Amino acid sequence: MSQKNLKFWEGELKELKCRAERLLESLQPADIDLEMDVRELQQELSTVNVELEMQCEELQRARQQLEQSQQYLADIFEQTPVGYLIVNAEGLIRSSNQAAAELFGMKKELLQNQRLSAFIPPSHIEAFRRCFKKAKVEKSSQTTDVCFRIRHGATLEARMHFFHLRSAYENENVLVCALMDIGAELTQRRLEQERNQKLEERVQSRTLELTSLNETLRKEVEAKSIAQNKAEAASRVKAKFLAAMSHDIRTPLSGVSMAFQVLEEMGLNEEAAEIVRLGSDSTNVLLELINQVLDFSRLEAGALSLQTTIFQPIEHFNAAVEIIRKDVDRKGLSLEVEVHPEVPKVLDGDPLRFKQILLNLLSNAVKYTQEGTVFIALRKVNEDPVKHQACLEILVKDTGIGIPSEELPFIFEAFRQARGEDRSHIEGSGLGLAIVKELAEAMGGKVTIQSRLGQGTEVRCQFWMDGNSSFPLPGRVPEGKEGTSSAKQLSVLLVEDNRTNAKLLEMMLEKEGWETVNAFTGQEALDLIRRRDFDLILMDINLPDIMGNDVMKRVRTDEALEFNQLTPFIALTAYAMKDDKQNYLRQGFDGYISKPVEKALFFNEIQTVLETRTSTLVS
């Protein structure tokens, strides 16, 4: 119960007692009726007294509760860590708590009736007045940060929060000012600002470093791009140079090779035949060197790809052995050959590279063996039934001069040959094993070598190829032979601008009984084709006036030459770079012969083309 209600009931009780006393004094005892009224009135008065006593007790309890509440609020006000000031409309401090006194560094009594603005320096007074006025006029809560001057010249950085009390304080309208020391907060804020500033400076510095680094990297990338473009341009120039050099070397070399092949069949005496044989061997060594340099150049540029097709590995293995057998017989060596029965009859791989690995390993073994045995085996050492792949191994062992142990770690490096007095007379480029290693790795395999000086060498080359029993057997290619006579006399147009090569090829063709007509330019060839038909056209590519492939295309498309449009064309060229054969076949040639011309392969290709064309026409 409030203090106001308590005073009201106390006044009512006093007034009721006075009325009762006056009423008793006016009553006469003799009057019976009046006595009855008095008794009733006394009873009523007694009841009222009881009620009044109860009200008094309630008022007493309410007063005690009110005093307790006031003390409770006073304790809260006094003990709270937030400083509170009671400020009247004139800005005088009417009261404060202990926290506020401690903030100012003085006793509460000294703060009372002090003007709050007196503690605020001129630099903050305007912000204080604006906040105080707004809170007072608008009767709203307002907050501002100010700096106070406190005892001993110290300063207090605080946040002031003004708000109104709903009731008057000692008959005055006042504001409550809550004070919070924000010095630590401001210090922390300044530290954070300093840290942020330092961080921004570091970020800016790092940004400048990264910008500089990016610029450096950009220049390096640009320089590398320029270098790469130059390297690619140089690679293209190199490829063109190699193609041109290959063509220019193979063309005269073809004449030399064919001349020796023609001489070998002329019934020379023993001394002359030996001279021809030595010249032919030297030609073959030079051709092998050219081929290995070209192959290594393609490997080095990453341009040597595998051309997979279905083939019979055992037949290619035997063919490679037969090619090397004449060198074995000439040196009086023993050649042992072994083909394991597990080797698949048919595989899907690159037969040319398979044969090249065989020939490189065999030629090395024969080259470095002066007496004894060369052993070669073809085995299947592993398989992957899920991928339908077979791992083949070519094992070549010889009883040759061997390789010094200190040379073995470097033996697969390009242009590397083991040194020693026993090797000074042996010719070679040092590329054979390097090419074998690259080819084996391109087919998912590897090459290992073991050797003992003076006892011989063992090389194992393993590689993977696709194998499946469902592969059809490829059609058998006719065996090559020294003479391929035909019951029908063939008419052959030989288009070759090199007159030496043309003469030697003409001699080889006429020895088979075939009619040979020569043309030395593309235009001469077209004129001859217009006048008569031919059974076969051997076409050089690099002619002085018209490229050979353009001559072939004109014949295929010119209706005036319809009687020669079905005549088979064989590209006869010294271009033997990567994919040249497939390129010419895609252009429409029926066959491809690279220079220098080897007689057996030459007639083998002619017979294959003629038989293929005949079977096509019949079907």
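Do we have Phe163 as open to solvent by less than 60 Å² (accessible area, probe 1.4 Å) and either modelled with pLDDT of 90 or more or not in a helix (DSSP H, G or I) (or both) here? No, not satisfied. Screening Leu52, Leu16, Leu34 for residues that are at pLDDT 75 or above and part of a helix (DSSP H, G or I) leaves exactly one candidate, Leu52. Of all the listed residues (Lys553, Lys581), the sole one being touching a Phe, Trp or Tyr at 6+ places or on another chain (Cβ under 6 Å), open to solvent by 30 Å² or more (accessible area, probe 1.4 Å) and part of a helix (DSSP H, G or I) is Lys581.
Candidates in the stretch 370-399 are the residues that are in a strand (DSSP E or B) and farther than 22 Å from Gln312 by Cα; of these, the one that is least open to solvent (accessible area, probe 1.4 Å) is Val374.
Within the stretch 531-539, identify whether any single residue is surrounded by fewer than 17 Cβ atoms within 10 Å (Cβ to Cβ) and outside any loop (DSSP other than H, G, I, E, B), and answer yes or no. Yes: one or more hits.
Of the residues examined, Thr283 is not one that is modelled with pLDDT under 85, in contact with a helix residue (DSSP H, G or I) (Cβ under 7 Å, 6 or more places away or on another chain), surrounded by fewer than 19 Cβ atoms within 10 Å (Cβ to Cβ) and not aliphatic (A, V, I, L, M). Restricting attention to the stretch 166-204, the residues that are outside any strand (DSSP E or B) and at pLDDT 85 or above total 13. Looking only at residues in the stretch 308-324 that are open to solvent by 50 Å² or more (accessible area, probe 1.4 Å) and in contact with a strand residue (DSSP E or B) (Cβ under 9 Å, 6 or more places away or on another chain), the one that is farthest from Gly467 (Cα to Cα) is Asn318. Against the numbered list (1) exposed (fewer than 12 other Cβ atoms within 10 Å of the Cβ); (2) farther than 16 Å from Val174 by Cα; (3) among the hydroxyl-bearing types (Ser, Thr, Tyr), Ser140 comes up short only at (2).
Could you check, for the stretch 487-499, whether at least one of its residues is at pLDDT 85 or above, over 39 Å from the mean Cα position of the chain (by Cα), assigned to a helix (DSSP H, G or I) and under 29 Å from Val256 (Cβ atoms)? Yes, some residue in the stretch 487-499 is at pLDDT 85 or above, over 39 Å from the mean Cα position of the chain (by Cα), assigned to a helix (DSSP H, G or I) and under 29 Å from Val256 (Cβ atoms). In the set (1) open to solvent by 40 Å² or more (accessible area, probe 1.4 Å); (2) outside any helix (DSSP H, G or I); (3) touching a residue at least 40 places away in the same chain (Cβ under 8 Å), Met507 fails one condition alone, (2).
Residues in the stretch 76-98 that are open to solvent by 10 Å² or more (accessible area, probe 1.4 Å), without any contact (Cβ under 8 Å) to a residue 40 or more places away in the chain and of a type outside the set (Phe, Trp, Tyr): Ile76, Glu78, Gln79, Thr80, Pro81, Glu90, Leu92, Gln98.
Exactly one residue among Lys355, Lys367, Lys345 is in contact with a helix residue (DSSP H, G or I) (Cβ under 9 Å, 6 or more places away or on another chain), under 23 Å from Gly456 (Cβ atoms) and open to solvent by 30 Å² or more (accessible area, probe 1.4 Å), and that residue is Lys367. Within the option set Ala600, Ala576, Ala502, Ala525, being open to solvent by less than 50 Å² (accessible area, probe 1.4 Å), at pLDDT below 85, closer than 24 Å to Gly255 by Cα and in a helix (DSSP H, G or I) holds for one residue only, Ala600.
Collect the residues in the stretch 325-342 that are open to solvent by 40 Å² or more (accessible area, probe 1.4 Å) and outside any helix (DSSP H, G or I), keeping them in residue-number order. Residues satisfying the conditions are Lys331, Gly332, Ser334, Glu336, Val337, Glu338, Val339, His340, Pro341, Glu342.
The values are calculated or read from the model by the stated rules, or taken from the named source; none is laboratory data. Please read all numbers here as calculations on a predicted model, not as lab measurements. In this analysis, Cβ positions are derived from the backbone assuming ideal geometry, glycine residues included, and neighbour counts consider all displayed protein chains. Surface accessibility is based on the protein's heavy atoms, side chains included, excluding ligands, DNA and RNA. Shrake-Rupley method; radii C 1.70, N 1.55, O 1.52, S 1.80 Å.
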